[in-house]
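Have a look at the structure below before the remarks.
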Protein chains: 6
Amino acid sequence: MKEEVFFGEGMVPVKKDYPDLYEAIVGLNEACYAGKVIDYRTQKLIALGINAAASDDRATKKQMMSAMKEFNISKDEIVDVLRVVLLTSGMPPFTKAMKILKELKE
Amino acid sequence: MKEEVFFGEGMVPVKKDYPDLYEAIVGLNEACYAGKVIDYRTQKLIALGINAAASDDRATKKQMMSAMKEFNISKDEIVDVLRVVLLTSGMPPFTKAMKILKELKE
Amino acid sequence: MKEEVFFGEGMVPVKKDYPDLYEAIVGLNEACYAGKVIDYRTQKLIALGINAAASDDRATKKQMMSAMKEFNISKDEIVDVLRVVLLTSGMPPFTKAMKILKELKE
Amino acid sequence: MKEEVFFGEGMVPVKKDYPDLYEAIVGLNEACYAGKVIDYRTQKLIALGINAAASDDRATKKQMMSAMKEFNISKDEIVDVLRVVLLTSGMPPFTKAMKILKELKE
Amino acid sequence: MKEEVFFGEGMVPVKKDYPDLYEAIVGLNEACYAGKVIDYRTQKLIALGINAAASDDRATKKQMMSAMKEFNISKDEIVDVLRVVLLTSGMPPFTKAMKILKELKE
Amino acid sequence: MKEEVFFGEGMVPVKKDYPDLYEAIVGLNEACYAGKVIDYRTQKLIALGINAAASDDRATKKQMMSAMKEFNISKDEIVDVLRVVLLTSGMPPFTKAMKILKELKE
């Protein structure tokens, strides 16, 4: 699955016009999501936490969609990640991510 | 364990001089680490990822020490978290966290 | 007023589905806005400065609306906050916040 | 050209209502883009890199448009800047900026 | 006082070797701290909040020292600023700033 | 030169214990610094600007040392980068970087 992962719209021109860069990114993605001990699913939850903590709407939304589609990650699991976001990063990134989650579930 | 968690040096004067604030923080900490589905140990890994991604040496070091002491989280597990940090947040926070980990293991 | 404060859309599902978390947030909000020496109004101006400095459109807009509605905070006062944002955080967060302010006043 | 640079919508009310602040900003802008050794064009590329690394859509888009219009900066040059963003700041700011670039070129 | 404000060690070579830049910074500093409605003292509290929220030890420490020396800002006032930092930006920047404050008071 | 580039202390255990990750990082580094149009030297200046804007002392210092040693980048060139940091990111990252530069030159 990891190889086929959809990198998003911004990667389309990279693949087409900058194949050297594309290949390096695929290699990095492979190596980063090839945890020795922590499984891919948990790594995706960590990535979701980092994106939400950084208040990045676009990355947060993409991670949530991918989490729910590819891994059947539940709403409660995502909220458990966002609890950590609240503690480490404050209310604005937390409420922003909760709003994105709410809209995705509707 | 969660109640007894050591908040660090900065919390000592909060507990002593600002009990209302201290209580609210304890309540928040409790609620944030009381995941419904994701266990406390995994939530700590997520917190570590967020702190490292934010390039925060002090918080990263404290999370790593707490992870290793309280939860027997291994070096490989921490590196699996840092793989996600590398992908989402770039080389500087990754190498900074790897350096902290190296120093803690020595 | 503080108890009734509108936390925004993201908090609706928190209140409904995660009452433990909701209560902890209300407790935190109370304790944080219960300054011993600095009044609530000034604390809101500080929150506005922090949100604008973090280049967070959504939080900045919400803080500005709340500032104008709940506290009759004037445009000039908000600009005085944004002056500090400019000095501490540079042009992009400053012009972004000025644009939000302009749109709210129109 | 620097004097006539378009600061964006947020600067319109600054010029009109806060002339003291406007003048200080013009002075700062002049001094910052008056590199002794690095030319203005290269400084704009650096500004683009910083804005993209900060995941700031609005500032990134404005810098890209200004880069292409005022300086005939090519798509390949912008991608060379974004390569550095990827290495220093990770995938989310890189793909966000690549998407903005793609939309601007279409 | 504003003109004589001590900008810190990093400004010494700017004043000496880059007078154009130095003058622009002085002009910016003047304009930013010349609030129309909010007084200089309150603007300094806002700057402290922004620096602490950004987890910047050095800037936070300098703002706290300047706040206490130049304006007789009390420990309780600084804690009231840090309450807002906790709510908007989470535990790590809050505990870091509380630790700096504790060390300054000792 | 790029292949031999010194990644810093944090990379030592990566090379030794996580060769898959190390290789992916080398690949990424190669691809990112292989600009089509912008030369390696200018890309390093952009990286320096991004690190300084992120207020990352450790990365800023390493970039400055590498800039001066590997590329004979002068103090004036670095200051020209920091001018852009000041404009885009405010006084605290600028003065922090100027202080690092001053200490390196002494």
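The values are calculated or read from the model by the stated rules, or taken from the named source; none is laboratory data. Just so you know, these numbers come straight off a predicted model, no measurement behind them. Neighbour counts are summed over all protein chains in view; Cβ atoms, including those assigned to glycine, are modelled from backbone coordinates with ideal geometry.
Annotations for the structure displayed:
- So F:E9, is it more than 14 Å from chain B (Cβ to nearest Cβ) and not polar (S, T, N, Q): no
- Residue count, region F:63-79 (criterion: touching a residue at least 24 places away in the same chain (Cβ under 8 Å) and surrounded by 21 or more Cβ atoms within 10 Å (Cβ to Cβ)): 4
- Only listed residue being acidic (D, E), out of contact with any strand residue (DSSP E or B) (no Cβ under 9 Å at 6 or more places or on another chain) and within 24 Å of B:A24 (Cα to Cα), chosen from A:D76, A:D39, A:D56, A:D20: A:D76
- Residue check for B:T42: more than 14 Å from chain F (Cβ to nearest Cβ), modelled with pLDDT of 95 or more, within 15 Å of the chain's Cα centre (by Cα) and crowded, with 18+ Cβ neighbours inside 10 Å: yes
- Selection status of E:V85, β-branched (V, I, T) and touching a Gly at 6+ places or on another chain (Cβ under 8 Å): yes
- Flag for B:V79 being farther than 14 Å from B:L104 by Cα and within 8 Å of another protein chain (Cβ to nearest Cβ): no
- Every listed requirement among (1) farther than 30 Å from D:V84 by Cα; (2) touching a Lys or Arg at 6+ places or on another chain (Cβ under 6 Å) is met by B:K69 save one, (2).
- Here D:A34 meets each of (1) buried (at least 20 other Cβ atoms within 10 Å of the Cβ); (2) within 27 Å of E:Y18 (Cβ to Cβ) with one exception, condition (1).
- Residues that are at the interface with chain C (Cβ under 9 Å from one of its Cβ atoms) and hydrophobic (A, V, I, L, M, F, W, C) within region A:83-100 comprise A:L86, A:M91, A:F94, A:A97, A:M98, A:I100, listed in sequence order.
- Restricting attention to region B:45-62 and to residues that are farther than 20 Å from D:G90 by Cα and touching a residue at least 12 places away in the same chain (Cβ under 8 Å), the residue that is surrounded by the fewest Cβ atoms within 10 Å (Cβ to Cβ) turns out to be B:K61.
- Residue check, B:A59 at the interface with another protein chain (Cβ under 7 Å from one of its Cβ atoms) and under 21 Å from E:L101 (Cα atoms): yes
- Of all residue pairs spaced 6 or more apart or on separate chains, those with beta-carbon atoms under 8 Å, a first member in region F:16-36 that is touching a residue at least 24 places away in the same chain (Cβ under 8 Å) and a second member that is of a type in the set (S, T, N, Q) are F:Y33/F:Q43.
- Residues (among the hydrophobic types (A, V, I, L, M, F, W, C) and more than 8 Å from chain C (Cβ to nearest Cβ)) located in region D:12-27: D:A24, D:V26
- For region A:47-83, the set of residues classified as touching a Phe, Trp or Tyr at 6+ places or on another chain (Cβ under 8 Å) and either β-branched (V, I, T) or not in a helix (DSSP H, G or I) (or both) consists of A:V79 only.
- Within the set C:E70, C:E30, C:E77, the sole residue that is modelled with pLDDT under 95 and of a type outside the set (S, T, N, Q) turns out to be C:E70.
- Take the conditions (1) touching a helix residue (DSSP H, G or I) at 6+ places or on another chain (Cβ under 6 Å); (2) surrounded by fewer than 20 Cβ atoms within 10 Å (Cβ to Cβ); (3) in a helix (DSSP H, G or I); B:N29 misses just one of them, which is (1).
- Contact annotation: residue pairs with Cβ atoms under 6 Å, 6 or more positions apart or on different chains, pairing a residue in region D:80-103 that is assigned by TED's automatic domain parsing to the domain that holds D:G49 and at pLDDT 95 or above with a partner that is among the aromatic types (F, W, Y) and part of a helix (DSSP H, G or I), are D:L82/D:F94; D:V85/D:F94; D:L86/D:F94.
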